[in-house]
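> Sharing a structure below in structure tokens format, with a few things to ask.
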């Protein structure tokens, strides 16, 4: 269902298995000002660049997509994120995770089934500093 106009009151939005079109989820806009939980599991996302700014969002489920990088926008768009699930994505290089250090409130990061977890020192390098 597509919605346009005004602010939305929903705190939880689950769009699992909805197909993204050109990296966008139709109807997912910054109007969801109170959103605290967003689930976009298996929607075909290759990037998070089109996610709207959701200042109150705390938990983001992005497992089983095709995201391979571009995570730098998350700190700007989702400043209060505490839990991020990126399991089952195409993250191969530790440098793609570097921008996540800017997520000052991040407490939980799930990278299960991502190639980056096969690197010998990935755990040490992703838990340094603020992560």
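> Find the residue count for region 56-95, including only residues that are over 16 Å from residue 36 (Cβ atoms) and surrounded by 16 or more Cβ atoms within 10 Å (Cβ to Cβ).
Of region 56-95, the ones over 16 Å from residue 36 (Cβ atoms) are 63-73, 75-76, 86-95.
Adding the requirement that they be surrounded by 16 or more Cβ atoms within 10 Å (Cβ to Cβ) leaves 63-65, 67-69, 71, 75, 86-89, 91.
Here the count works out to 13.
> Could you tell me whether any residue of region 93-104 is part of a loop (DSSP other than H, G, I, E, B) and modelled with pLDDT under 95? Explain how you work it out, then say what you get.
Of region 93-104, the ones part of a loop (DSSP other than H, G, I, E, B) are 93, 103-104.
With the extra rule that they be modelled with pLDDT under 95, the set shrinks to 93.
Yes: one or more hits.
> Let me ask you something else. Residues 78, 109, 86: which one is free of Cβ contacts under 8 Å to residues at least 40 places away in the same chain and touching a helix residue (DSSP H, G or I) at 6+ places or on another chain (Cβ under 8 Å)? Break it down into steps so the answer makes sense when it comes.
Working: 78 fails: touching a helix residue (DSSP H, G or I) at 6+ places or on another chain (Cβ under 8 Å); 86 fails: touching a helix residue (DSSP H, G or I) at 6+ places or on another chain (Cβ under 8 Å).
Being free of Cβ contacts under 8 Å to residues at least 40 places away in the same chain and touching a helix residue (DSSP H, G or I) at 6+ places or on another chain (Cβ under 8 Å) holds for just one of 78, 109, 86, which is 109.
> Name every residue in region 96-109 that is in contact with a strand residue (DSSP E or B) (Cβ under 6 Å, 6 or more places away or on another chain) and either farther than 21 Å from residue 56 by Cβ or buried (at least 16 other Cβ atoms within 10 Å of the Cβ) (or both), in order of residue number.
First, pick out the residues of region 96-109 that are in contact with a strand residue (DSSP E or B) (Cβ under 6 Å, 6 or more places away or on another chain): 108-109.
Hit for region 96-109 is 109, nothing else.
> Still on this structure: Considering 54, 84, which residue is under 20 Å from residue 109 (Cα atoms) and not in a loop (DSSP other than H, G, I, E, B)?
Values: 54 fails: not in a loop (DSSP other than H, G, I, E, B).
The unique qualifying residue is 84.
> Which condition does residue 131 not pass, out of (1) under 16 Å from residue 78 (Cα atoms); (2) in a loop (DSSP other than H, G, I, E, B); (3) at pLDDT 70 or above, if it passes all the others?
Unmet for residue 131, out of (1) under 16 Å from residue 78 (Cα atoms); (2) in a loop (DSSP other than H, G, I, E, B); (3) at pLDDT 70 or above: (3).
The values are calculated or read from the model by the stated rules, or taken from the named source; none is laboratory data. Every value quoted in this text rests on a predicted model; they were computed, and no experiment measured them. Quick reminder, even Gly has a Cβ in these numbers, built from the backbone with ideal geometry, and neighbours come from all protein chains shown.
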